[in-house]
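Nothing in this text is a laboratory measurement; each read-out follows from the coordinates by a stated rule. Because the structure is predicted, anything quoted here is derived from the model rather than measured. In this analysis, Cβ positions are derived from the backbone assuming ideal geometry, glycine residues included, and neighbour counts consider all displayed protein chains.
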Amino acid sequence: MQRIFKYASNWDFLAYAAGFIASVGAGITLPLMNVVFGKCRMLSLTLALTISVGKFVGNFSDFSRDPETAKEQFESNLNKLSLYMLALFICRLALNYINKFAFRMIGIRISSAIRLAYLEALFAQSVHVLDSLPPGYATTTITTTANTLQLGISEKLGFFVEFNATMIAAIIIAFIRNWRLTLVTASAILFIMITIGLL
């Protein structure tokens, strides 16, 4: 990794930082959507949109149990929670756009810098080295290698950061909401890890 990122400039690292932060933010929004959609009365994490979030599904069950509840209050709560869902969706869309744009742009820039360095090193060789190569070997090698690096830098790295942020945020939210139930559920993860490790 260090050898690949030595071709990046300071602006590239700044764009990577923006893409990394956007990936983490996009990963956090998915568990937050579950919080808004489920039964949760309070949550104070990074997004100010979800502070003092009401219960979305719980409103339906409360209204069905007590039809005397004012219809205006029911609709007001649902409208508010629908706006929270819309705001989270818009945040996720914007953060994913920044994430994909930053990682894709930097992947292209680093790939082109690696191609240029390869060509400079190739043309610095003596003529007999170039003549001894099979036809098309140099272009095939640099194209295949640069495309693989570009794919790894521009797509896989962003997905890796986003999905890890989703898992960590989901675990944190689960422990905030009900730590006992989370510990019981997490024991299944330990069982699965031991089983897969043995098999």
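Hey, can you rank 107-114, 22-29 by average C-beta count inside 10 Å, highest first?
Values: 107-114: 18.6, 22-29: 23.6.
Averaged packing, sorted descending, gives the order 22-29, 107-114.
Arrange the peptides 127-134, 13-20, 138-145, 87-94 so that the one whose residues have, on average, the most other Cβ atoms within 10 Å appears first.
Numbers: 127-134: 8.9, 13-20: 16.8, 138-145: 13.1, 87-94: 15.2.
In descending order of packing, they fall as 13-20, 87-94, 138-145, 127-134.
For the range 120-136, take each phi angle, set θ = phi - 60°, evaluate the Karplus expression 6.51 cos²θ - 1.76 cosθ + 1.60, and give the result in whole Hz per residue in order, putting x for glycine and proline.
Here the 3J(HN,Hα) series is 4, 5, 5, 6, 7, 6, 6, 5, 5, 5, 5, 6, 7, 6, x, x, x Hz.
Output needed for the range 135-199: three equivalent-ellipsoid semi-axes, defined as square roots of 5 times the C-alpha gyration tensor eigenvalues, in descending order, whole Å.
Details: eigenvalues 350, 61, 3 Å².
Its equivalent ellipsoid spans semi-axes of 42, 17, 4 Å.
Relative to the compact globular guide of 2.2 N^0.38 Å, what is the alpha carbon radius of gyration of the range 70-150, as a ratio? Could the numbers behind the result be given before it?
Numbers: Rg = 26.0 Å, N = 81, 2.2 N^0.38 = 11.7 Å.
Relative to the rule-of-thumb radius for its length, the range 70-150 sits at 2.23.
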